[in-house]
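**Student:** One structure, pasted below without further comment.
The values are calculated or read from the model by the stated rules, or taken from the named source; none is laboratory data. In this text, all values refer to a predicted model and were calculated from it rather than measured experimentally. Backbone-built Cβ (ideal geometry, glycine too); neighbour counts: all protein chains shown. For the accessible areas, the whole protein counts, side chains as well, though only heavy atoms, and no ligand, DNA or RNA atoms are used. Shrake-Rupley method; radii C 1.70, N 1.55, O 1.52, S 1.80 Å.
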Amino acid sequence: MIRYLPVRPPQPAPCTGADVPTPRQLPAFPRWFTGRDQQLAELDKALDFSDQPGGSVVISAIGGIGGIGMTCLVLHWAHQNLDRFPDGQLYVDLRGFDPSGEPPVAPAVAVRGFLDALGVASQSVPPDAQAQVGPDHDRCCSPDRVLA
């Protein structure tokens with residue numbers, strides 16, 4: 001006799017609860033910023049596609065050598081668009097160009113900081129860094145409009 005057992009879809013990782021505050025991790029608005037109108041417009045244009053019905057997730061990368069103001073550009077743009085990310089803003093200083101000489105932040109440390117900020121229960125976070133970014137944590141406490 002063949003028996004078919006129902007297969008349950010994977011359950012999302014447990015959250016710490018509904019009382020988790022919306023993450024607002026951006027550093028202060030850059031004090032000195034000028035120019036970069038073309039780059040700001042490109043970032044606006046990329047985000048405009050996600051506002052349309054059926055819009056997709058937008059992932060943008062800013063590249064360049066250290067010290068040319070990439071972080072300042074992104075922070076300036078992010079502060080101008082806070083209303084477009086009502087579910088929170090995540091930030092981590094990766095220390096890719098850090099005058100203090102500190103080593104760059106390990107990916108697992110950055111991911112863990114994001115999971116904590118989103119309210120993922122610490123006992124549900126797997127020790128393996130690759131598993132931390134897996135689909136179980138993508139479904140847990142996954143707000144729709146978060147800037148990272």
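**Student:** Go through (1) open to solvent by 40 Å² or more (accessible area, probe 1.4 Å); (2) at pLDDT below 85; (3) within 26 Å of Phe114 (Cα to Cα) for Leu47 and report which single condition fails.
**Tutor:** For Leu47, the exception is condition (1).
**Student:** Taking interchain pairs and intrachain pairs at least six residues apart, which have beta carbon atoms under 6 angstrom, with the first residue in the range 89-106 and on the phi > 0 side of the Ramachandran plot and the second open to solvent by less than 50 Å² (accessible area, probe 1.4 Å)?
**Tutor:** Partner pairs satisfying both residue conditions: Arg95/Val105.
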